[in-house]
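Each remark here refers to the structure printed beneath this line.
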Amino acid sequence: MSMTLLYQTHSPFARKTLVFAHEAGLAGRIKVVHHETSPTVRNDVVFAENPLGKVPVLLREGLSPVFDSDVICAVLDTLHDRPPLIPGSGEERWQALKIQAIAQGINEAGITVRWETVRRPRALQYLPLADGYSAKLIASYDWLEASLDTDADTHVGHIGLATALAWVEFRDLPSFRPGRPRLVEWLDAFAQRPSMQATPLSGETVDGPGLGYEDRSLAAE
Ligand SMILES: N[C@@H](CCC(=O)N[C@@H](CS)C(=O)NCC(=O)O)C(=O)O
């Protein structure tokens, strides 16, 4: 089956699926196509496959498109013969899915912080929201320092977390490094894996030429 991944070189969610594909030995079977997405700039190609207009999306020949990153990883895990990256049962499964959930939450909190600090026009930024979401990041880092299963076999949670934390640093969000030696040691080792080295982050978010607020307020006068 030929597969195409609607990707973005600066998306932690998209990178998670591609790192997963590398870890599963599937990367060679997937064509990767970069797409810019933003809720302020419609991407019709992406919307045609995912009504949420977000990447990643996995296109499979003759089958329906797959989103989001969690589901793409679950599908990919059925397509290889290596040990599963999503444990099938027991506490290992809940731990892997929980770490994946924290990683997703870190990405989402980080995106919110960026909207409220750099992405919105300054007059529309709401700093209490940025502070509230920064606090979620800090609490998540502390939880991970205490609870990450650093000795377990690599699983989807590790992949999601490594790609989330790498993106946090890429975007200069509140740092997880101070006071969290166990997390930092684990991440720095994970970042050396070929799957991570093959998928560097690059590029800027494109929110369009402008939201038109200035024009709208002028028009209202
Ligand atoms: N829950 C989704 C999140 C995907 C997501 O937010 N992707 C971003 C890129 S980092 C996007 O395409 N955003 C465009 C938008 O919000 O309209 C997943 O895990 O795949």
note = Quick count over the stretch 164-209, residues being open to solvent by 30 Å² or more (accessible area, probe 1.4 Å), of a type in the set (A, V, I, L, M) and in a helix (DSSP H, G or I), is 1
note = Reported set for the stretch 74-96 where residues are assigned to a helix (DSSP H, G or I), open to solvent by 40 Å² or more (accessible area, probe 1.4 Å) and farther than 22 Å from residue 150 by Cβ is 74
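Can you go through 70, 44, 77 and tell me which one is within 13 Å of the chain's Cα centre (by Cα) and among the acidic types (Asp, Glu)?
Matching residue, one of 70, 44, 77: 70.
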query = Can you tell me which of 32, 71 is open to solvent by 60 Å² or more (accessible area, probe 1.4 Å) and either in contact with a strand residue (DSSP E or B) (Cβ under 6 Å, 6 or more places away or on another chain) or at pLDDT below 95 (or both)?
reply = 32
inquiry  = Which numbered condition in (1) open to solvent by 60 Å² or more (accessible area, probe 1.4 Å); (2) assigned to a loop (DSSP other than H, G, I, E, B) is the only one that residue 48 fails?
reply    = (2)
query = of a type outside the set (Lys, Arg), open to solvent by 20 Å² or more (accessible area, probe 1.4 Å) and free of Cβ contacts under 8 Å to residues at least 24 places away in the same chain - does that describe any residue in the stretch 11-29?
reply = yes
task = Considering every residue within the stretch 135-155, establish whether at least one is under 17 Å from the mean Cα position of the chain (by Cα), open to solvent by less than 40 Å² (accessible area, probe 1.4 Å) and in contact (Cβ under 8 Å) with a residue 60 or more places away in the chain.
result = yes
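Of all residues in the stretch 106-119 being in contact with a Leu (Cβ under 9 Å, 6 or more places away or on another chain) and touching a residue at least 24 places away in the same chain (Cβ under 8 Å), which is most open to solvent (accessible area, probe 1.4 Å)?
The first filter runs over the stretch 106-119 and keeps only residues in contact with a Leu (Cβ under 9 Å, 6 or more places away or on another chain), leaving 106, 109-110, 112-117.
Narrowing further to those that are touching a residue at least 24 places away in the same chain (Cβ under 8 Å): 106, 109-110, 113-114.
Numbers: 106: 1, 109: 5, 110: 0, 113: 9, 114: 27 Å².
Per the stated criteria, the residue is 114.
The values are calculated or read from the model by the stated rules, or taken from the named source; none is laboratory data. Treat the numbers as computed from the prediction; the structure is a model and nothing was measured. Please note: Cβ atoms are built from the backbone with ideal geometry, for glycine as well, and neighbour counts cover all protein chains shown. The protein model used for the area step is the full one, side chains on, heavy atoms only, and it has no ligands, DNA or RNA in it. Shrake-Rupley method; radii C 1.70, N 1.55, O 1.52, S 1.80 Å.
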